[in-house]
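The values are calculated or read from the model by the stated rules, or taken from the named source; none is laboratory data. Since the structure is predicted, the reported quantities are computational estimates derived from the model, not experimental observations. Note that we place each Cβ from the backbone using ideal geometry, even for glycine, and neighbour counts take in every protein chain shown. Accessible surface areas use protein heavy atoms only, side chains included; no ligands, DNA or RNA. Shrake-Rupley method; radii C 1.70, N 1.55, O 1.52, S 1.80 Å.
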Amino acid sequence: MKHRIVTGIIAATTAMVITVSGSAQPARAAVSWPQIIISVASHLLSNSGGGGLEQAKREIIAAVESSKQEILNHIDAIAAADVEACTEAAVTKIAQIDNMPGSLLGPFVNGAVDCAALSNAYLNAVQDPRAADNIGRVMGIIYSIAMVAFAKYGFPVTDLLNGLIRGYENLVVKLAPACRDDTIREYDSLGRLVTVEITHTCVAHNGDSASGTEIYYLGRPTRTIDRNLINKNATRNTSRWIAQESLPTLIPLRPVA
């Protein structure tokens with residue numbers, strides 16, 4: 001906690017300022033995975049019959065093909081060998097889903113669904129944020145593939161969507177940044193409190209950070225900050241950002257019981 005003595009009038013400002021360190025924007029990927037994941041789920045849960053499946057299938061195949069090397073790089077970083085293997089298999093085979101005979105389609109569907117569940121189980125188990133982040137980066141991809149495969153086989157995808165939502169909610173908690181408030185109080189020459197500045201700073205596990213300062217002048221706020229936004233911005237280059245971008249749209253897609 002810091003104190004200052006001030007003798008003049010402090011100018012008030014109403015702007016909200018958030019600063020970030022590290023990469024100022026989320027790292028650019030070949031595709032926007034939140035957008036793809038949301039689109040796949042939306043098409044599969046729409047009432048457009050086979051048209052929804054076809055659109056979802058085209059989108060996930062195109063997304064995987066256009067960013068396959070990036071996906072494989074993330075897969076290589078996964079510490080769990082079985083999750084790494086089944087994810088690589090699903091990513092490699094999804095483009096051939098329409099050419100698979102029944103003898104191959106069934107095992108592919110089963111493998112993709114099992115892999116999605118396995119990724120969620122490992123996410124629950126890991127404590128290292130880097131390990132959780134690596135799994136989180138491919139979780140939406142494997143769940144999207146599993147949903148398309150399940151729908152292709154004629155099964156509903158609601159349970160898989162619920163699994164992805166649970167996984168993403170868990171990811172948001174596991175990869176939450178470390179946050180703190182630093183306060184500076186400024187007094188006039190008579191010792192009366194004039195201004196309070198509170199700087200809220202969050203640091204993600206990868207070292208990226210975001211911060212903002214709110215100011216109270218004579219007890220009234222003159223600059224406010226959005227702590228939730230600062231919290232989110234700090235993790236902009238982790239899989240937590242993908243989860244937070246996806247969840248507000250995925251949750252309402254769940255059918256009402």
* Asked: Residues LEU105, LEU118, LEU123: which one is under 17 Å from LEU53 (Cβ atoms) and either assigned to a helix (DSSP H, G or I) or not assigned by the TED database to the domain that holds ASN170 (or both)?
  -> LEU105
* Asked: Looking at SER67, is it surrounded by fewer than 17 Cβ atoms within 10 Å (Cβ to Cβ) and at pLDDT below 95?
  -> no
* Structure fact -> Only unsatisfied item for VAL31, checking (1) under 21 Å from TYR168 (Cα atoms); (2) assigned to a helix (DSSP H, G or I), is (2)
* Asked: Hey, any hits in segment 92-100 for a residue that's over 19 Å from ILE60 (Cβ atoms) and charged (D, E, K, R)?
  -> no
* Among the candidates ASP226, ASP208, residue that is open to solvent by 50 Å² or more (accessible area, probe 1.4 Å), in contact (Cβ under 8 Å) with a residue 12 or more places away in the chain and either outside the structural domain of VAL172 (by the TED database) or within 21 Å of the chain's Cα centre (by Cα) (or both) -> ASP226
* Within segment 175-197, which residues are under 18 Å from ASN233 (Cβ atoms) and surrounded by 18 or more Cβ atoms within 10 Å (Cβ to Cβ)? -> LEU175, PRO177
* **Counted residues, segment 102-154 - those being β-branched (Val, Ile, Thr) and more than 21 Å from ASN237 (Cα to Cα)** => 4
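Does segment 126-151 hold any residues that are surrounded by 15 or more Cβ atoms within 10 Å (Cβ to Cβ) and acidic (Asp, Glu), and which are they?
ASP133
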* **Number of the condition not met by GLU88 [criteria: (1) of a type outside the set (Val, Ile, Thr); (2) surrounded by 13 or more Cβ atoms within 10 Å (Cβ to Cβ); (3) outside any helix (DSSP H, G or I)]** => (3)
* Structure fact -> Over segment 99-125, the set of residues in contact (Cβ under 8 Å) with a residue 12 or more places away in the chain and either surrounded by fewer than 17 Cβ atoms within 10 Å (Cβ to Cβ) or small (Gly, Ala, Ser) (or both) is GLY106, GLY111, ALA112, ASP114, ALA116, ALA117, SER119, ASN124
* To do: Kindly indicate whether ALA112 is more than 22 Å from GLN244 (Cβ to Cβ) and at pLDDT 95 or above.
  => yes
* To do: Enumerate the pairs (first residue in segment 182-194 and under 15 Å from THR222 (Cα atoms) and not assigned by the TED database to the domain that holds TYR217; second residue anywhere and surrounded by 14 or more Cβ atoms within 10 Å (Cβ to Cβ) and not aliphatic (A, V, I, L, M)) with beta-carbon separation below 8 Å, excluding pairs fewer than 6 apart on the same chain, so at least 6 apart or on different chains.
  => none
